[in-house]
Amino acid sequence: MNEILSTLEAWCADGEKIALATVVQTVGSSPRPVGAKMAITAGQKIVGSVSGGCVEGAVAEEALEVLRTGRPKLLTFGIADEEAWAVGLSCGGTIEVFVEPLTW
């Protein structure tokens, strides 16, 4: 966690726009627990993880849209979701990830 905080502090000091993605709910098997976080900059720098690699790419894409619009999003990935298979979430569970602009 200290690595993430020090990275966020450095990005903020550099004036980066940052989106924060947080796992807010899991059902069944999930790669990361509720509370897992990932931060994404408008320049596509990433720190942290919300799925151990399964859906990070899709979350990063949505985070860029959140940064463009300023509107948060709630994303759901699950085994029954066609997109989940496409991005590699095959653990059998469902995760919900809330993505919001980070303000300090």
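Before moving on, here are some points about what is shown:
Condition check ((1) surrounded by 15 or more Cβ atoms within 10 Å (Cβ to Cβ); (2) touching a Cys at 6+ places or on another chain (Cβ under 8 Å); (3) within 11 Å of Val99 (Cβ to Cβ); (4) at pLDDT 95 or above) across all residues:
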residue	(1), (2), (3), (4)
Leu5	no, no, no, no
Ala13	no, no, no, no
Lys17	yes, no, no, yes
Arg32	yes, no, no, no
Ile40	yes, no, yes, yes
Val50	yes, no, yes, no
Val55	yes, no, no, no
Val59	yes, no, yes, yes
Arg71	no, no, yes, yes
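- Single residue of segment 73-104 satisfying the filter (modelled with pLDDT of 85 or more and closer than 16 Å to Ser30 by Cα) that is farthest from the chain's Cα centre (by Cα): Thr94
- Residues considered: Ala63, Ala58, Ala36, Ala42. Of these, the only one that is under 18 Å from Glu3 (Cβ atoms) and among the hydrophobic types (A, V, I, L, M, F, W, C) is Ala36.
- Figure legend. Inter-residue proximity from segment 1-28: first residues on the phi > 0 side of the Ramachandran plot, second residues modelled with pLDDT under 90, beta-carbon distance below 6 Å, spacing 6+ or different chains. Indicated pairs: Gly28/Gly92; Gly28/Gly93.
- Val50 being of a type outside the set (D, E, K, R), in contact (Cβ under 8 Å) with a residue 24 or more places away in the chain, in contact with a strand residue (DSSP E or B) (Cβ under 6 Å, 6 or more places away or on another chain) and assigned to a helix (DSSP H, G or I): no
The values are calculated or read from the model by the stated rules, or taken from the named source; none is laboratory data. Values in this document were obtained by computation on a predicted structure and should not be read as measured data. Note that we place each Cβ from the backbone using ideal geometry, even for glycine, and neighbour counts take in every protein chain shown.
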